[in-house]
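Below you'll find the structure, written out as structure tokens, and then a few comments.
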Amino acid sequence: MENLIKRAKNKDPDAFTQLMQSQMQNMYRTARAILLNDEDAADAIQETILVCWEKLKDLKEDKYFRPWMTRILINKCYEMIRENTRITYMDELPETAVEEEVSNLEWKEALAALDEKYRLVLVLFYAEGFHTKEIAKMLKIPNSTVRTRLSRGREQLAQYYREDSMAGKEQII
Amino acid sequence: MSKNSINILLQNIEIPDIVKEKAQNAFSQISMEGKEEHMEVIKYNKKRHPLKKTRAAAIVLAAIVGGGSITAVAAAYIHWSQGMQSKMNVSEEQMIALQNKEDTPLSFPEVADTQGEITVSVAQCLLDDNDIRVAFYVEGYELSNAESPQLENLNILLDGEPVNNYEWSFYTGVDGEEEGTIPNDQAEEERLELDLILSPVDENGKSITDLAGKVITVQMVNFGDTTGTWTLEWILEGTSTVVEKQLHEVLGNSGATVTKVSLSPISIKVCYDFAPAEISDIVLDENGNAVEVSDYAEPPQFVGVKMTDGTVYTAITDGGTYGYEDVEASLYVAEISLSRVLDPEKVQSLLFLKDELPATEQEITEDQCYIIELK
């Protein structure tokens, strides 16, 4: 990845494309965790790619590429929420989009079961592998708040699956 | 077999086509630009490399509410910015009292920066030993219909060093107004308000205190489609009446003892004697292997105050820094920003939540709290 970052900083579009392609899973998980909607997540990712291309030269240390890129993406997502430019309802989505909403269903359900403030922290910590200190910097909140949110988020998710499991048992009975 | 809930978050997911398509659009655009820029570079290489331009900071004095310097006036007071009034729940009586006190946390720095059509100025600043709140006015930023104001990034330095732990937002109206809309008077004046709250910590997460006298530099980068960097720099001024108490208040059976509190009009610092207790949990790492993660338990959190007239304010915290200042000495410190201006001398007692904050936004009541009397 380091080599790709260096080449991308020198405005090599192929290297940049390869670099960002390698981050698509990460970006999608994060954007979806905030926006809960594939189409909005797609817009946020598109804009993030363009901003990263423009600003990559300003990144001082290559080793911080992932937190830097993730921070840009998070800002874009919150901008979209503030702009409130689109509220997409399932019955308004074209058929292909509805089909896509159905894919990754279990993962999306797990995300949707969490409050937003827990959702993002859990995804950044568990799925993206950031340390709590990195997350605290990205979200501009204290490290202790990150740790509290992790703890409460885990509990909320476990509670959801306990209830889900109980509902399953009731249906069997 | 029960599901491992964290494992679900880790599972490999399929990137939806809509995401792939939009990403591809961006890559195509970049590919075209990249080719053009490559040609540009070849052209430039034929010449001497131009000298790097330094931005000429256009610092101008902003007239604030009629201009002139601020003097203590018995009956009159300078109106606070709408956002600061709203976010700090300050009454007219408190505004007058704070302005006329000698040790006031309030200042009105006359600082502004103009780049192109947009001028950013400081409307007012509140300061104590741990916390800074600043309201900025943004003029000349034209918004089309239904567009919300955007600031791409904001960086802060204290005495030239970058600091963390801050939040900013455009003031978009008091409770009850439609979220995201600009209040009418802001729209009429063609002036927006941007509010900043900062509990500064250095790059190692250590709190920075004794803020008065330090030089603060605030850099704002790109308002919407208008690119540029607006830089405002001034010396922080202000002092606050602080009620400081050495205590030995045991918080029920939580294992925590509050040993000291310092209460200013805009923040509170609480020192606990709380032996570090590691709590562990089993989680899955990125490869799906079970790993043990350890963390420290937290003492009961400060959540509100009871005033001498019997009024109880809960949910008055607005972020801050928390953690062990000295693990070996069991010294845990919470420095918390308040979302309400308080008169520290009229605080009867402090409320600490017995259990963790409820996940729902339900109101906290006194019986959910440990209460420490200050009077």
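The values are calculated or read from the model by the stated rules, or taken from the named source; none is laboratory data. Model, not experiment: these values are computed from the prediction. Backbone-built Cβ (ideal geometry, glycine too); neighbour counts: all protein chains shown.
Okay, residues lined up against (1) crowded, with 16+ Cβ neighbours inside 10 Å; (2) modelled with pLDDT of 90 or more:
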site	(1), (2)
B:TYR332	yes, yes
B:SER337	yes, no
B:SER349	yes, yes
B:ASP355	no, no
B:GLU361	no, no
B:ILE364	yes, no
B:GLU373	no, yes
- Query: Identify, please: which residue in the stretch B:145-180 is buried (at least 16 other Cβ atoms within 10 Å of the Cβ) and of a type in the set (S, T, N, Q) and is, among those, modelled with the lowest pLDDT?
  - Reply: B:THR172
- Query: Of all residues in the stretch B:111-144, which are farther than 17 Å from B:GLU193 by Cβ, surrounded by fewer than 18 Cβ atoms within 10 Å (Cβ to Cβ) and among the charged types (D, E, K, R)?
  - Reply: B:GLU117
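Matching residues to (1) in a helix (DSSP H, G or I); (2) more than 7 Å from chain B (Cβ to nearest Cβ); (3) over 12 Å from the mean Cα position of the chain (by Cα); (4) modelled with pLDDT of 85 or more:
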{"position": "A:VAL121", "(1), (2), (3), (4)": "yes, yes, no, yes"}
{"position": "A:TYR126", "(1), (2), (3), (4)": "yes, no, no, no"}
{"position": "A:GLU134", "(1), (2), (3), (4)": "yes, yes, yes, no"}
{"position": "A:LYS137", "(1), (2), (3), (4)": "yes, no, yes, no"}
{"position": "A:ILE141", "(1), (2), (3), (4)": "no, no, yes, no"}
{"position": "A:THR148", "(1), (2), (3), (4)": "yes, no, yes, no"}
{"position": "A:ARG152", "(1), (2), (3), (4)": "yes, no, yes, no"}
- Message: Testing B:SER207 on (1) out of contact with any Cys (no Cβ under 9 Å at 6 or more places or on another chain); (2) modelled with pLDDT of 90 or more; (3) farther than 17 Å from B:PRO149 by Cβ, one condition comes back false. Which one is that?
- Response: (2)
- Query: helices (runs of 4 or more DSSP H) wholly in the stretch A:1-83 with at least 3 residues that are within 8 Å of chain B (Cβ to nearest Cβ) and among the charged types (D, E, K, R) - which ones?
  - Reply: A:38-55, A:65-83
- Residues of the stretch B:294-330 being among the hydroxyl-bearing types (Ser, Thr, Tyr), surrounded by 14 or more Cβ atoms within 10 Å (Cβ to Cβ) and outside any loop (DSSP other than H, G, I, E, B), which ones? B:TYR296, B:TYR313, B:THR314, B:THR317, B:THR321, B:TYR322, B:TYR324
- Please find, within the stretch B:103-144, the residue that is modelled with the lowest pLDDT out of those that are of a type in the set (D, E, K, R) and more than 21 Å from B:THR209 (Cα to Cα). B:GLU142
